[in-house]
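K.L.:
After the C-alpha cells below, expect a handful of questions from me.
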Ligand SMILES: Cc1ncc(COP(=O)(O)O)c(C=O)c1O
C-alpha cells in the first residue's frame, strides 16, 4: 500500500536529504536538541522513506481506519458555474478531527512509538494541530502535553476542550502576543529539557530538518489522492491546485506530487487537443493578507501573515526561511483573522518554491476571507475553517484567471470558528452574510 | 548534514584562544562569568549593573543582545529580554553600550543568529538582500556583525541557536577579526559531535549543566560532572552554566573540575526584583555587586589545590 505513493511518476519533488532547499532550511537549534534531531532524521529515513518494519503500511492503514481516508474529491457545482471552470474541492475537512492536520499528527505520534519515545509534546495555533495530536496520542496511548498561546485559547475554547477530552494536558503560553510563534518557542523549551524521552510533534512544514520534509511526506497523501481522483473524475490532472498557507503543511501536502509533474495530463491540455505547451500544473499558495500588507516597524507589528509575499530571509525556529521581521531582525507580531495562519514564518520548502517561481503566492485579506467563508457556506453547504476561507477569497478576487480544472484544498471545517465568525461578521460589513440581528447579545 | 566541511582546520584542542584577553581571564584561576541582558531595564541602568559585576569580581562578562524569540532561555531571561526590547535596545545601541561601559574585562556577546544574519552596517536590510544570501559581503550578515563587534571591543560570541554544523560563515568572520566563538556543550553532546565541536570552539567551552533552558536551580546536576569528565581530555577552558545561583554551587562546580562558572538567571532575578520593587539603580547595583562577590569567592574557594584530590 505504501509503495503506490513511492512509485508515482511525480514523486521526485525536492527530497532535500541534507535539509536544505536552496539556501532555506537547515538546523538552527540549541545544541541540546541536535542529538534528538539527528535521531529523528535517522528514524525518518528508516521508517518513512524506507518503510522499515512496515511503518508506512501501518500509517496508511490507520489513516484509513481511524482517519477515514481517502477523503472525497467533490465537484462544486455552484462555484463551477460562478467562476466558469471545473471547480473541485478536496475534502480534508472530512478527515477525522475536521482538518488535514491528522495526517501529520498520526504519522508523527506513530513514529515516536517506533522510536521508543514515551511522551508527546506539541504546539498549536488554531487548536487544530493540538486536537489532531491529542486524538492521535489517545488513539496510540501516549501521554501528551500541548502548548497554546493564551490569546488563542480564548479564541478557540471548543478546541481546548476537545484536547482535554482526549486526555491531553493544555499549557497556556503567556509570552508575547500569546499566539503560535510563542507556543512554538515554548514547546522547543520543553523539548530542550525532555528530549531524551519526548518527541515534539511539530504542526506544520516548519522547524529544523527533518521536520519540513517529514511533515510534507505525511501530508503528501492529499496530492496523491487528488491525482487519482481527478484522473478518475475528469480523465486528467487539474490545471491548478489552490491551498491556503500558514506554515504551509496542507499546501505542500496538496502540491507535493505536482511539483515536478510536466503537466502533460492537465485537463485543459487534453481538451484543447492542440500541442501548444500548457506548462506545469499551477500551484497557488494563498496567504493571510490580514488587515493590510503594510508593516508598522515602530510597533514591530505586521498586520498580516504574508511571509511568502512580503517576508525577508532569516532564521526562526530552527530554519532559514522567509520571515516577517524588522530591519534589525526582530520577529514581528503577525496578524490574521484565522489563528491557524497567524505566523511570522513559513515552511522553507515553500519559500524556496516561491523563489523558483514554481509556486505563486497570493495574499487575501481578512474581509475577503470572511466573504469566502460565507460564500462556500451558502453556495455549497460546506462551512470552511477561516484558514481555508482564504482560498475561496482568492477564487473571487482572481476569477478571471481561473480556467480548466481547478482543485481547492478544503483544509478544514469551520465548526471551531463559529464564535469568531459571529463576532467578525457583526463587526464588519459582509455583503454575503446572513441577517445577524438574532445574534446580537451573543449566542 | 555537515556540508562535508571536515576541512582540516587547526585543531583547537590546545585551547589556543583567538582572543588573548579571554585566554588570560581563564589563565589565573577559575573564571567567574556573569551574564546580563543589555538594556534591561534601560540603557543607563544596565550600564551601572554591568560595571557593578566587574567590581564584584567578574573575569569575563557575557552581554546579551536581546532577540525577540529567545528559544534557549527560561522565563527569567525571557523577562529580561522583553524589558530590554521594550526599553528600546537595538544592535547598534548594544555596540554603543559596549564602547561606553567602563569595565576592563573581556566582553562576550550572547545573541541569536537572526540578529547576526540580518545585521547591516549601513542600517539598510535591503543592502544585505541585494548582496547575496550568505552574508559573505563585507557590509552585511556575519562578516559585518563581527567587524562591528570587534571594533566596539567585543572579544567573543555565543550563539545558542547556531550549532557547529551551521557556523562556518560566522567562524570565518571571527577568525578574521580575532574573536572567539564559544560553543555550548550539552549533556546530550557526545561522540563525533563533541569532537567536531571541540575542534571548532575557541576561548572557552560553555558546558551546559543540565538539559533545559536557562534558569536558576537549587541543585546542580550530576550531568555536569559527567560532561566535565567527557571534556577532560581537552584543555580549552571549561565554563559551566545553566542553573548556578549560589557561592556554594560555584565552589562545588569548580572543585569538580570546571575552569569557570557562568551565571545569568540568578543575577537577572536581582534586576527583576529591582524593577518590581522600584529600587534605585544604585541599590540594585549594590545587590548585584554583592551577589557577584559571593559567586566569585565561591569559585575561588573551589579551585583544587595541586596536592589534594578533593571531591
Ligand atoms: C484548517 C486549517 N487550514 C490551514 C491551516 C494552516 O496550516 P498549514 O499552513 O500548515 O496548512 C490550519 C492551521 O491550524 C488549519 O487549522
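Values quoted throughout were computed directly from the atomic coordinates according to the rules given, and no laboratory measurement underlies them. Remember, predicted model here, so these are calculated numbers, not experimental data. Neighbour counts run over all protein chains shown; Cβ positions are idealised from the backbone, glycine included.
K.L.:
Using just the helices of chain A, give the 222 nm mean residue ellipticity in deg cm²/dmol: DSSP H runs with n ≥ 4 each add -39,500 (n - 2.57), and the total is spread over all residues, rounded to 500. The partial results should precede the final answer.
P.N.:
Values: 18 runs with 172 residues, N = 443.
Calculated at 222 nm, the ellipticity per residue is -11000 deg cm²/dmol.
K.L.:
Most mobile of A:148, A:34, A:252 per a Gaussian network model of chain A (Cα springs, under 10 Å)?
P.N.:
A:34
K.L.:
For a quick check: sort A:405, A:198 by the number of other beta carbons within 10 angstrom, fewest at the front.
P.N.:
A:198, A:405
K.L.:
Take the Cβ-Cβ distance between residue B:196 and residue A:415 as r, set R0 to 56 Å, and report the resulting FRET efficiency rounded to the nearest 0.05.
P.N.:
0.65
K.L.:
May I ask you to sort A:150, B:251 by Cβ crowding, counting other Cβ atoms within 10 Å and putting the fewest first?
P.N.:
Arranged by neighbour count, lowest to highest, A:150, B:251 become A:150, B:251.
K.L.:
Follow-up question, since we're still on this one. Need one value for B:163-169: mean number of C-beta atoms belonging to other chains within 10 Å of its residues' C-beta atoms.
P.N.:
Average neighbour count from other chains, rounded to a whole number: 4.
K.L.:
Mean separation of Cα pairs under 8 Å and 6+ residues apart, divided by the residue count of the range A:305-438: what relative contact order is that in percent?
P.N.:
Over the range A:305-438, the number comes to 18 percent.
K.L.:
Separate question: Is the range A:309-443 rounded, prolate or oblate when judged by the Cα gyration tensor, a ≥ b ≥ c being the square roots of its eigenvalues, rounded requiring a/c under 1.5 and prolate requiring a/b larger than b/c?
P.N.:
On the way: a/c = 2.51, a/b = 1.51, b/c = 1.67.
The shape class here is oblate.
K.L.:
Rank the residues B:43, B:113 as a footprinting-exposure proxy: fewest other Cβ atoms within 10 Å of their Cβ go first.
P.N.:
B:43, B:113
K.L.:
Also, quick follow-up: For peptide B:178-187, how many partner chain Cβ atoms fall within 10 Å of a residue's Cβ, on average?
P.N.:
Details: counts 0, 0, 0, 0, 0, 1, 3, 2, 8, 5.
Going residue by residue through B:178-187 and averaging, the value is 2.
K.L.:
Now, a different point. At a Förster distance of 56 Å, what's the computed FRET efficiency of residue B:232 paired with residue A:291, Cβ-Cβ distance as r, to 0.05?
P.N.:
Working: r = 58 Å, r/R0 = 1.04.
After rounding, the FRET efficiency stands at 0.45.
K.L.:
Highest first, please rank the peptides A:152-158, A:336-342, B:240-246, A:256-262 by the mean number of other Cβ atoms sitting within 10 Å of their residues.
P.N.:
My ranking of the peptides, most packed first, is A:336-342, B:240-246, A:256-262, A:152-158.
K.L.:
Counting only other chains, what is the mean number of Cβ atoms within 10 angstrom of the Cβ of each residue in peptide B:190-199? Before the final figure, lay out the partial values.
P.N.:
Values: counts 1, 1, 0, 4, 0, 0, 0, 2, 0, 0.
Mean shielding by partner chains, rounded to a whole number: 1.
K.L.:
Can you tell me the length gained on complete extension of the stretch residue A:233 to residue A:436, counting 0.36 nm per residue apart and subtracting the Cα distance?
P.N.:
69.2 nm
K.L.:
If I take every Cα pair under 8 Å that is 6 or more residues apart in the range B:145-191, average their sequence separation and divide by the length, what percent do I get for the relative contact order?
P.N.:
Here the relative contact order equals 50 percent.
K.L.:
So, in nm, how far is label residue B:139 from label residue A:357 when the simple model puts each one 7 Å beyond its Cα toward the Cβ?
P.N.:
2.9
K.L.:
Give the percent of DSSP beta bridges with both residues in the protein assembly as shown that are antiparallel, rounded to the nearest 5.
P.N.:
Percentage antiparallel, nearest 5: 20.
K.L.:
Of the peptides A:375-384, A:233-242, how do they stack up when ordered by the mean number of other Cβ atoms within 10 Å, highest first?
P.N.:
Highest mean packing first, the order is A:233-242, A:375-384.
K.L.:
With the cut-off at 1.5 for a/c, could you classify chain A from its C-alpha gyration tensor as rounded, prolate or oblate?
P.N.:
rounded
K.L.:
Next question. In percent, how large is the relative contact order of chain A, given Cα pairs closer than 8 Å and 6 or more residues apart? Could the numbers behind the result be given before it?
P.N.:
Details: 962 pairs, mean separation 81.6, N = 443.
Dividing the mean separation by the residue count of chain A yields 18 percent.
K.L.:
Here's something else I'd like to know. Assuming a ≥ b ≥ c are the square roots of the Cα gyration tensor eigenvalues, decide whether the protein assembly as shown counts as rounded (a/c under 1.5), prolate (otherwise, with a/b larger than b/c) or oblate.
P.N.:
Here the protein assembly as shown falls in the prolate category.
K.L.:
Can you give me the distance in nm between label points at residue A:299 and residue B:75, each placed 7 Å from the Cα along the Cα-to-Cβ direction?
P.N.:
Label at residue A:299, label at residue B:75, 2.8 nm between them.
K.L.:
OK, next. Specify the residue with the greatest mean-square fluctuation among A:329, A:203, A:246, computed from a Gaussian network of chain A linking alpha-carbon atoms under 10 Å apart.
P.N.:
Result: A:329 has the largest fluctuation of those listed.
K.L.:
Among A:176, A:393, A:149, whose mean-square fluctuation peaks in a Gaussian network model of chain A (Cα, cutoff 10 Å)?
P.N.:
In this elastic network of chain A, the residue with the biggest mean-square fluctuation among A:176, A:393, A:149 is A:176.
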